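Written out below as structure tokens is the structure these notes cover.
The values are calculated or read from the model by the stated rules, or taken from the named source; none is laboratory data. Predicted model only: the values in this text are computed from it and were never measured. When we count neighbours, we look across all protein chains shown, and the Cβ atoms used for this are built from the backbone with ideal geometry, even at glycine. Note: areas computed on protein heavy atoms with side chains; ligands, DNA, RNA excluded. Shrake-Rupley method; radii C 1.70, N 1.55, O 1.52, S 1.80 Å.
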Amino acid sequence: MQEPYPSVKNILLLDSEGKRVAVKYYADDWPTQAAKLAFEKSVFTKTQKTNARTEAEIAMFDGYIVVYKFIQDLHFFVTGGDNENELILATVLQGFFDAVGLILRNNVDKRTALENLDLILLCLDEIIDGGIILETEASVIAGKTTSDSLDGMSSLSEQTISQALATAREHLARSLLK
Amino acid sequence: MAQPLVKKDDDQEDEEYSPFLGIEKGAVLQEARVFNDPQLDARRCSQVITKLLYLLNQGETFTKVEATEVFFAVTKLFQSKDTGLRRMVYLMIKEISPSADEVIIVTSSLMKDMNSKTDMYRANAIRVLCRITDGTLLTQIERYLKQAIVDKNPVVASAALVSGIHLLQTNPEIVKRWTNEVQEAIQSRAALVQFHALALLHQIRQSDRLAVSKLVTSLTKGSVRSPLAQCLLIRYTSQVIRDSSMNSQTGERPLSDYLEACLRHKADMVIVEAARAITEFSGVTSRELTPAITVLQLFLSSSKPVLRFAAVRTLNKVAMTHPLAVTNCNIDMESLISDQNRSIATLAITTLLKTGNESSVDRLMKQISNFMSDIADEFKIVVVDAIRSLCLKFPLKHRSLMNFLSNILREEGGFEYKKAIIDSIVILIRDIPEAKETGLFQLCEFIEDCEFTYLSTQVLHFLGNEGPKTSDPSKYIRYIYNRVILENATVRAAAVSTLAKFGSIVESLKPRIFVLLRRCLFDSDDEVRDRATLYLNTLGWDGSVGEIDKGVKEFLFGALDVPLVNLEASLRSYEPSEEPFDLSAVPKEVKSQPLTEKKAPSKKPPSFGVSANGPTSPIDAYEKLLSSIPEFSSFGQLFKSSAPVELTEAETEYAVNVVKHIFSGHIVFQYNCTNTIPEQLLENVVVIVDASDAEEFAEVTSKPLKTLPYDSPGQTFVAFKKPDGLPSTGRFSNLLKFIVKEVDPATGEAEEEGVEDEYQLEDLEVVAADYMLRVSVLNFKNAWESMGPDYERIDEYGLGVRESLAEAVTAVINILGMQPCEGTDVVPNNARSHTCLLSGVFIGNVKVLVRLSFGIDGPKQVAMKLAVRSEDEAISDAIHEIVANDEAISDAIHEIVANG
């Protein structure tokens, strides 16, 4: 039986050794810290060898569906129940992945992510609320994360958000032309 | 923040550089004191919050005191006008999730933000407040939330709607009052607002089928904007279809046009959702399936792994019930065997194994052999299960399939995987006679080099049962005796038993078996020596016993016919005395859910259906209770106790249920009564039973209940005499009589004077099934054959129009009250015919076996063939009478053929 609405069980952002950069759990499936870490470890080892750098990949185990994508030394995961529509989970993953790219101005690696951890956490907060999808459009997520901090405090202080988006778009276009 | 938290002047030299290097909880908590500064440094505060969040995210926990301190400090930050900082404050409050008395501190600040002109403040304050609030506060802010739902800013509206979905779990009555606003929000032009509004409105109305149906019908005509909302609508549509198909018998499904149109949507997620909904229709026709399968087939060659996975997973499910519908995709499916993604490859293979025809089996097996070595065990198990079903489907192909199984058996693998292979071979040997000899040899070779004790003993046991019946039993002896020489004590003991079985059946081998068994007398292990001694004597090695009598065979091959749980309970309660332990006194009733044989691969145990029965069976408790009552002591041994039957509606003043205790010549009704009124004390509680509709029963005694205080259940009993050993039936009406005394709630003391009162209970029936014990047999086929056709009775019945085959099967099982064997109570989806095997013990300790063959035709007419074998002719007839006379199905029953 399907859930009445699509729901996400967790979002994980791990580094290339499987250590946490930022994680957020929405379901009670992993009640303890140990259970969470065990799940992260098993997700990481089961997906480690795959190549999820151009297209999002997918795996099914222990009754969960995990969609994932890697870039540099960062591994992005979104987990749902085994009845969930895979494409919806993939849309959430893509939204998260692209939003982080915009926020970090395409400098997506562990170090930059940790330096901007506040923005990554805000970004997670804008994508899912208690398991319910809040927003999946990367530019909107990134905009909500940063737009209200344009008063010189933000990480994008030298650049307005629209400029940042323009740079990102240009970057994307160039990588497509290659 | 642009600036890293730690100054980075040594550039990228250090690979392990992290802004949080060397971070420590104590120090960060100290740093949090900046929150109290009169001149707030917003940037500094943001950094500290980030550090706190980092610690929490890494799994660090704060003590209650620490959390409270941080929370109070953070609330000070509402003074700052810095928006970036405010966002971090919101995040922090959600992470700490303050306790109810702490929430009050931030309520006013958050309520202020809820009415702010800044959209971001409004949206976030709503989410935070709804997350941390309890019901009392909710009524205060309800007005603002209703406004927010129809706010022109979509972010604010979504925040309120999503919070509404969460709050519906805890405060449904409040959220239900927002229906008008939510309905307005569904018309929103913002895609996600529509999605959230639809989800909330459906949640509010989910119990009202008609409302959901109306909602769906109107929306499927209109324009739903976002793909996410479209997916929701598809889910709700298929729910409406499911509900409505229960009522109508016509072929056309309502709203199926809408689902078919969704197959042409531009968003992949909508197509997948719709295709899946269509394939999951109950009783889906091939005409309905075709368009869905066509789009899924296209996805099979997509460049996106997620899309390929979604398609192959759905097709795999369809192949279980409609293999023919999926055969068109076989070519695309075969190319997926080499897919980089192993989940996709495994699903493709198992689909092919289901849809493949006889001629493609060999080619398929070759492809799979290459693939098996590089997948994980859990995938291999899925493949093994699929191969077993394929082999059962094409028995002629058993040679190549069994070969495949024996090859993979030799390769490396974990216990679960090896066990799956062994189980498959055993099932194939049992069901395909031609495969027996090769299969047994494969098993022999396997135990020559098996690291798992459990599997070795299982194989040895199986060899002992099947080996002696082959054309040349002697060739197995070597493998078995090798175990005695080479293995650990558990396996050695099992091997000794197996040898004994060969000796008992194959007369010509007997002398040689004796030689081998005598060698085992010098084994280092007690159990092995004991077994060898026992078997040597029972088989008569010294010539004392000429013919092996039936008892020995029964002892060697017979299965223990009592559930182990019951045996354990009886042994525990057995007190050492002159009287030996009597195995036949152990109750045979199976109380917990029987383990159904694992036929289909199930990934996880079902979350429901497992009854909460503990290891101690209630029948023991009943027996103890009844034997403590002197009036009932002369009734003899308790045959069966029924499950409690409710005689009152839920939530009435007095809750009464009844348990029927069946003895050979008596029946005792145990009424369990509960008084749910705190202001009352009941005395002299008794049930007056009118047995005028139960002619064969005569009341002999009753045992009233002296007092029944509030909320502490008590029992009263009524006993009847009935014809000895016969399954008498009847209907009893019940009236509860008692004296009520008012209780002063303050002191808890009852008044002196009471008033006589009575309370009508529902009727109670004693049916034939009450005289049947659910007792399972381990191997139905063997039991059936050994019972023989002497007292067999076969008859056919028409059951009329039934809802489904499964429903008919369950109904007949319940009428007979027998134990389904080998998982045959489960009817596969869309099956047109089904055979169900039942076993039980009827009153008078007569073993009964039943084989039910069901068939269903187009307009849901169900016919049934009932074959009964038992140890007593009269009982076989009685079972037929039970079915023929049952009211629940009798109006449809007419005997078609009578050949009993």
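State whether one or more residues within the stretch B:481-493 are open to solvent by 40 Å² or more (accessible area, probe 1.4 Å) and of a type in the set (A, V, I, L, M, F, W, C). Scanning the stretch B:481-493 turns up at least one residue that is open to solvent by 40 Å² or more (accessible area, probe 1.4 Å) and of a type in the set (A, V, I, L, M, F, W, C).
In this entry, B:ASN734 passes the filter for residues that are open to solvent by less than 10 Å² (accessible area, probe 1.4 Å), closer than 24 Å to B:ILE815 by Cα and in a strand (DSSP E or B).
Looking at the stretch B:85-105 only, could you name the residues that are of a type outside the set (Lys, Arg) and open to solvent by less than 20 Å² (accessible area, probe 1.4 Å)?
B:LEU85, B:MET88, B:VAL89, B:TYR90, B:LEU91, B:MET92, B:ILE93, B:PRO98, B:GLU102, B:VAL103
Out of all the residues in the stretch B:306-316, is one or more touching a residue at least 24 places away in the same chain (Cβ under 8 Å), outside any helix (DSSP H, G or I) and more than 13 Å from every other protein chain (Cβ to nearest Cβ)? Within the stretch B:306-316 (the criterion being touching a residue at least 24 places away in the same chain (Cβ under 8 Å), outside any helix (DSSP H, G or I) and more than 13 Å from every other protein chain (Cβ to nearest Cβ)), the answer is no, since none of the residues qualifies.
Here A:SER16, A:SER42 are screened, and the one residue that is closer than 30 Å to B:TYR17 by Cα, surrounded by fewer than 16 Cβ atoms within 10 Å (Cβ to Cβ) and without any contact (Cβ under 8 Å) to a residue 40 or more places away in the chain is A:SER42. The residue list B:LYS81, B:LYS76, B:LYS51 contains one member that is within 11 Å of chain A (Cβ to nearest Cβ) and in contact with a helix residue (DSSP H, G or I) (Cβ under 6 Å, 6 or more places away or on another chain), which is B:LYS51. A:VAL23 fulfils the conditions (1) in contact with a strand residue (DSSP E or B) (Cβ under 6 Å, 6 or more places away or on another chain); (2) at pLDDT below 95; (3) surrounded by fewer than 20 Cβ atoms within 10 Å (Cβ to Cβ) except for a single criterion, (2).
What do you reckon, is B:VAL162 within 11 Å of another protein chain (Cβ to nearest Cβ), more than 22 Å from B:LEU259 (Cβ to Cβ) and touching a residue at least 24 places away in the same chain (Cβ under 8 Å)? Criteria met by B:VAL162. Pairing residues of the stretch B:131-156 that are at negative phi with residues that are open to solvent by 50 Å² or more (accessible area, probe 1.4 Å), at Cβ distances under 7 Å and at least 6 apart in sequence or on separate chains, gives B:ILE132/B:SER97; B:ASP134/B:ALA100; B:GLY135/B:THR170; B:TYR144/B:ASN115; B:VAL150/B:GLU184; B:ASN153/B:ASP119; B:VAL155/B:ASP119; B:VAL156/B:ASP119. Considering the stretch B:201-305, the qualifying helices (runs of 4 or more DSSP H), each wholly inside and each with 3 or more residues that are surrounded by fewer than 19 Cβ atoms within 10 Å (Cβ to Cβ), run over B:209-221, B:227-245, B:256-262, B:286-300. A:THR79 meets the stated requirement of being among the hydroxyl-bearing types (Ser, Thr, Tyr) and modelled with pLDDT of 95 or more. List every residue pair whose Cβ atoms lie under 6 Å apart, where the two residues are 6 or more positions apart in sequence or sit on different chains, the first residue falls within the stretch B:685-706 and is aromatic (Phe, Trp, Tyr), and the second residue, located anywhere, is open to solvent by less than 80 Å² (accessible area, probe 1.4 Å). What qualifies is B:PHE697/B:ALA691; B:PHE697/B:PHE720; B:PHE697/B:LYS722; B:PHE697/B:GLY730. Regarding the stretch B:250-272, can at least one residue be identified that is modelled with pLDDT of 95 or more and under 28 Å from the mean Cα position of the chain (by Cα)? The answer is yes; a qualifying residue exists.
Number of residues in the stretch B:34-48 that are surrounded by 15 or more Cβ atoms within 10 Å (Cβ to Cβ) and more than 13 Å from chain A (Cβ to nearest Cβ): the value is 2. Of all residues in the stretch B:381-432, those being among the small types (Gly, Ala, Ser), outside any helix (DSSP H, G or I) and either closer than 16 Å to B:VAL361 by Cβ or within 27 Å of the chain's Cα centre (by Cα) (or both) number 1.
Listed conditions (1) at the interface with chain B (Cβ under 8 Å from one of its Cβ atoms); (2) surrounded by fewer than 24 Cβ atoms within 10 Å (Cβ to Cβ) are all met by A:ILE88, apart from (2). Kindly evaluate B:PRO154 against the criterion of being within 11 Å of chain A (Cβ to nearest Cβ) and open to solvent by 30 Å² or more (accessible area, probe 1.4 Å). Yes: the conditions hold for B:PRO154.
Which ones in the stretch B:366-380 are assigned to a helix (DSSP H, G or I) and either open to solvent by 70 Å² or more (accessible area, probe 1.4 Å) or closer than 17 Å to B:LEU428 by Cα (or both)? Can you show your working first?
We begin by selecting, within the stretch B:366-380, every residue assigned to a helix (DSSP H, G or I); these are B:366-372, B:377-380.
Passing the criteria: B:LYS366, B:ASN370, B:GLU378.
Applying the condition of being open to solvent by less than 10 Å² (accessible area, probe 1.4 Å) and more than 34 Å from the chain's Cα centre (by Cα) to the stretch B:175-185 and asking which residue is farthest from B:VAL155 (Cα to Cα) yields B:TRP178.
Residues considered: B:PRO745, B:PRO709, B:PRO723, B:PRO713. Of these, the only one that is modelled with pLDDT under 80, open to solvent by 20 Å² or more (accessible area, probe 1.4 Å), not acidic (Asp, Glu) and not assigned by the TED database to the domain that holds B:ILE875 is B:PRO745. Of everything in the stretch B:748-761 that is closer than 14 Å to B:PRO709 by Cα and open to solvent by 50 Å² or more (accessible area, probe 1.4 Å), the residue that is modelled with the lowest pLDDT is B:GLY748.
For B:GLY844, indicate whether it is more than 18 Å from the chain's Cα centre (by Cα) and in a loop (DSSP other than H, G, I, E, B).
Criteria met by B:GLY844.
The residue that is farthest from the other protein chains (Cβ to nearest Cβ), among those in the stretch B:218-235 that are of a type outside the set (A, V, I, L, M, F, W, C) and touching a Leu at 6+ places or on another chain (Cβ under 7 Å), is B:THR220.
With respect to the stated conditions, B:SER369 fails to be among the polar types (S, T, N, Q), without any contact (Cβ under 8 Å) to a residue 60 or more places away in the chain and more than 19 Å from B:LEU336 (Cβ to Cβ).
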